[in-house]
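Novice: One structure is given below, represented as structure tokens, and several questions about it will come after.
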Amino acid sequence: MNAAAILLAAGGGERLASGVPKGFVELDGRPLIVRSIDAARECLAIKVVLVMVPDGWESRASELIDDGVEVVTGGETRQRSVARALDVLEGRAGRVFEAVVCHDVARPRASSALFDGVLAALERADGAIPAVPVSDTLKRVEDDHVSETIPRDGLVAVQTPQAFRAAALRAAHASGDDATDDAALVEQAGGKVVVVQGDPSNLKVTTVADLALAERLLDTR
Ligand code: C5P
């Protein structure tokens with residue numbers, strides 16, 4: 001299945017307080033966008049890579065990456081950034097992509113094997129997402145008191161990259177309620193989404209401590 005990758009780097013990343021958007025923060029000397037681009041390009045099914053960056057950061061991104069990758073200005077929300085990327089893909093003359101993979105560059109440890117894994121699982125679904133079991137006990141809290149303990153049987157924590165049949169993702173975004181990931185939109189539209197085994201070390205970098213942990217994990221690989 002021919003695929004396009006949408007790499008999402010248009011968020012601010014204020015909690016890293018690094019003075020640059022999160023995608024431009026370096027992990028062991030390589031910016032997060034570059035790490036995600038390298039993983040996506042190692043995946044043979046991926047023929048086109050779009051990287052969504054904040055308004056004003058397009059030329060800096062182009063300096064960091066080579067010619068095969070398209071830099072596109074993102075939207076105000078993650079969902080709008082994905083929608084813009086889909087418009088760019090749709091507007092292209094020529095190649096039609098059967099699959100689209102959406103990946104948050106905030107997860108710089110996603111391997112090309114994980115990209116391969118979600119794409120392979122599309123054979124049996126409209127969407128495929130990596131997930132890991134939840135090990136903590138989960139509780140709902142109102143103000144400072146616990147209102148409910150949530151049984152964790154069957155609960156998983158979901159990661160990116162997430163792969164979709166292109167037509168299903170487009171239709172889901174067109175009907176688009178607000179959602180925290182693309183899979184939720186496809187689910188709301190009635191699509192079948194399957195889960196593949198995620199990687200516990202594919203952590204999302206949000207804080208300075210996450211960045212330090214991701215760096216330590218590089219040393220232990
Ligand atoms: O804000 P959060 O960390 O959940 O964002 C997840 C991913 O979506 C990040 O990689 C971020 O750069 C990207 N994003 C985006 N466009 C936005 C907001 C977030 O591409 N407007």
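Rule-based calculations on the coordinates, nothing more; no lab input. The structure presented is a predicted model; accordingly, all values stated were derived computationally and were not measured. Heads up, the Cβs are rebuilt from the backbone with ideal geometry, glycines too, and the neighbour counts pull from every protein chain shown.
Novice: Once Rh for the chain is found with the Kirkwood sum over Cα pairs, what is the Stokes-Einstein diffusion coefficient at 10 °C and 1.306 mPa s, in µm²/s? Don't skip to the answer; put the middle values down first.
Specialist: Details: Rh = 17.9 Å.
For the chosen part, D equals 89 µm²/s.
Novice: Please compute the volume of the convex hull spanned by the alpha-carbon atoms of the stretch 45-134 and report it per residue in Å³.
Specialist: Working: hull volume 12.3 nm³, N = 90.
Each residue corresponds to 137 Å³ of Cα convex hull volume.
Novice: Between Val194 and Asp66, what is the label-to-label distance in nm when each label sits 7 Å out along the Cα-to-Cβ direction?
Specialist: For Val194 paired with Asp66, the spin-label model returns 3.4 nm.
Novice: Given the rule -39500 (n - 2.57) for each run of at least 4 DSSP H residues, summed and divided by the residues of the chain, what is its mean residue ellipticity at 222 nm, to the nearest 500 deg cm²/dmol? Let's see the in-between values first.
Specialist: Values: 7 runs with 69 residues, N = 221.
Theoretical 222 nm ellipticity from helices: -9000 deg cm²/dmol.
Novice: Can you pull the one-decimal nm distance between simple spin-label points at Thr149 and Asp28, each 7 Å off the Cα toward Cβ?
Specialist: 4.0 nm
Novice: Each label point is 7 Å from the Cα along the Cα-to-Cβ direction; what then is the distance between the points at Val132 and Ser112, in nm?
Specialist: 2.3 nm
Novice: Can you work out the FRET efficiency for the pair Ser59 and Glu14, with r the C-beta to C-beta distance and R0 = 30 Å, to the nearest 0.05? Before the final figure, lay out each step's value.
Specialist: Details: r = 22 Å, r/R0 = 0.73.
It comes to 0.85.
Novice: So what's Rg/Rh here for the stretch 162-210, counting alpha carbon atoms and using the Kirkwood radius for Rh?
Specialist: On the way: Rg = 13.5 Å, Rh = 12.4 Å.
My calculation of the ratio gives 1.08.
Novice: I would also like to ask the following. Which of Gly74, Ala113, Val134 sits farthest toward the positive end of the charge dipole of the stretch 1-137, with +1 on the Cβ of Lys and Arg and -1 on the Cβ of Asp and Glu?
Specialist: Farthest towards the positive pole: Val134.
Novice: Quick one: go through the stretch 183-206 and flag any residue whose amide nitrogen is under 18 Å from the point 7 Å out along the Cα-to-Cβ line of Ala120.
Specialist: Of the residues in the stretch 183-206, 194-200 have backbone N under 18 Å from the label point off Ala120.
Novice: A further question follows. Need the full-extension length gain, Lys47 to Lys139, defined as separation in residues times 0.36 nm minus the C-alpha distance. One decimal, nm. Mind showing how you got there, number by number?
Specialist: Working: separation 92, 0.36 × 92 = 33.12 nm, distance 4.27 nm.
Once the chain is fully extended between Lys47 and Lys139, it gains 28.9 nm.
Novice: For Glu90, what charge total do you get from the other residues with a beta carbon under 13 Å from its beta carbon, if Lys and Arg give +1 and Asp and Glu give -1? Intermediate results must be reported in sequence, preceding the final value.
Specialist: Values: positive: Arg84, Arg92, Arg95, Arg170; negative: Asp87.
That sum, taken over residues with Cβ under 13 Å, equals +3.
Novice: Another question, if that's okay. Name the residues whose placed amide hydrogens come within less than 5 Å of the amide hydrogen of Val205, ignoring near sequence neighbours (fewer than 5 apart) on the same chain.
Specialist: Distant-sequence amide H within range of Val205: Arg107.
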